[in-house]
Amino acid sequence: MSDKMIAEVYQWEKTMELNNNEVFYVLQKSLHYSGIETPFEFAVIRDGKVQDGTFKKSDKNDFLKSNYMVQLFPDNIIQQNLILSVIFPERTNYVLGSMAWLLSGSLLFSFIILATFAMSLFFIIRQKKISEMKSDFLNNMTHEFKTPIATISLAADTITNPKVINDETSIRHFIGMIKKENSRMNKKVETILQIASLDKKEIDFKFENVSMHSIIERSVETIEIQVHQKNVKITLNLRAPEPVIYGDYEHLTNLVNNLLDNGIKYSPGAPEITVETKNNEKGIILSVEDKGIGMTKNVQSKIFERFYRQSRGNVHDVKGFGLGLNYVRAIIDAHKGNVTVTSEPGKGSRFDIFLPYNWEN
Ligand SMILES: Nc1ncnc2c1ncn2[C@@H]1O[C@H](COP(=O)(O)OP(=O)(O)OP(=O)(O)O)[C@@H](O)[C@H]1O
Ligand SMILES: [Mg+2]
């Protein structure tokens, strides 16, 4: 009796053949029901061997390693060894695809945050630099004007002194002093105003044919008068056969003045300056060389920036606004020329300025 029952159950379970189409349909329906729309393949594994299924993209062995396996007919009494294994060949793409918006959104958002951060950092650093430059400039300006103001005040006080007021030579001497200091202040104010007008691009140029040699000679003369107490030696090697260019006399004189002024200012002891000219096929090359303190490469890269001065630990032994070379570069640009610096700390500096014969051509 029991043998018969077992045989019947066995027979009944055996008739429960699996139909591929049916399995596919059932799987599709339940996956759809769970919201999973990616293509799938499945196989039936019996006793550890793949028996039946759809094998379009996946290898038979892949089904043995699938993460999605479930035992079929767990209530069967005899045939308990059937496993349904499912593979989603496009699973990665599907998962990524369904997260695409989220991923790209968060990527974009992170990028925006990073960019904003970088930008704020950039602006903060720039702002800090500008404010440092501004306070440096104000410091320098106060120092620059303090000396002439003090001298003028002292001279005026001395003149009113009863002992001096009747002595004409002394009065002349002190008035000369006042005038000299006054013109010094005037020159400083002019430099600042010039830079301000450069800013608004309204600097006045009067272009004409000018000889660089006469410009250099005039500059050297004025500089020598200004620094008569300092032991300055200026050597001129004006060798350019063709010194005439189309340029602005006043501005080019200021340019040479600024270079000579720097050469003298940044040479401790007795400054030795050499001014040279030569021609190339397009124009004139003017070189101003000194044997002064020189500059590192880092300093060289910044000297043409407005207000830049090499920091010497807040000691104002050498006065200046950091405007001279900025002005020099603006004038060179207006003449379509260029400037190069060669310098070594402790050995000296050399500025080579090329100016074309005629920048209009
Ligand atoms: N010949 C030089 N030798 C060494 N350093 C120099 C020389 N010329 C310029 N420098 C450096 O470049 C900086 C900028 O020069 P720049 O002429 O623009 O300003 P400044 O001389 O300080 O002030 P000013 O506005 O009065 O000319 C100087 O502070 C100095 O550090
Ligand atoms: Mg200068």
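The values are calculated or read from the model by the stated rules, or taken from the named source; none is laboratory data. Worth saying up front: this structure is predicted, and the values here are computed from it rather than measured. Backbone-built Cβ (ideal geometry, glycine too); neighbour counts: all protein chains shown. With ligands, DNA and RNA removed, areas are computed over all heavy atoms of the protein, side chains included. Shrake-Rupley method; radii C 1.70, N 1.55, O 1.52, S 1.80 Å.
The peptide list 18-26, 254-262, put in order of mean Cβ contacts within 10 Å with the highest first, becomes 254-262, 18-26.
In this Cβ point-charge picture (+1 for Lys and Arg, -1 for Asp and Glu), the chain has a dipole of about 1160 debye about its Cα centre. Applying 1/(1 + (r/R0)^6) with r as the Cβ-Cβ distance of His143 and Ala100 and R0 = 56 angstrom yields a FRET efficiency of 0.30.
Taking all protein chains in place and a 1.4 Å probe, what share, in percent, of the accessible surface of the chain do carbon and sulfur account for? In the chain, the share of accessible area belonging to carbon and sulfur is 58 percent. Accessible surface area normalised per residue over the stretch 55-187 is 77 Å², counting heavy atoms of protein chains with a 1.4 Å rolling probe. Most simply put, the chain has about 85% antiparallel DSSP beta bridges, counting only bridges with both residues inside it. Of Ser104, Ser170, Ser66, which is the most mobile in a GNM of the chain whose springs link Cα atoms less than 10 angstrom apart? So, out of Ser104, Ser170, Ser66, the one fluctuating most is Ser66. Rolling a 1.4 Å probe over the heavy atoms of the protein chains gives the stretch 207-356 an accessible area of 47 Å² per residue.
Among 147-154, 92-99, how do they line up from the highest to the lowest mean number of other beta-carbon atoms within 10 Å?
Those peptides, ordered most packed to least, come out 147-154, 92-99.
Taking the centroid of alpha carbons for each part, the stretch 328-361 and the stretch 137-187 are 36 Å apart.
Farthest toward the positive end of the dipole of the stretch 165-313, out of Gln226, Tyr246, Gly283, is the Cα of Gln226, where the dipole comes from beta carbon charges about the Cα centre. Sorted from longest to shortest, the spans of the Cα atoms of the chain along the three principal axes equal 155, 56, 39 Å. Between the helical axis of 249-265 and the longest alpha-carbon principal axis of the chain there is an angle of about 80 degrees. Across every direction, the projection of the convex hull enclosing the Cα atoms of the stretch 58-208 has a mean area of 24.7 nm².
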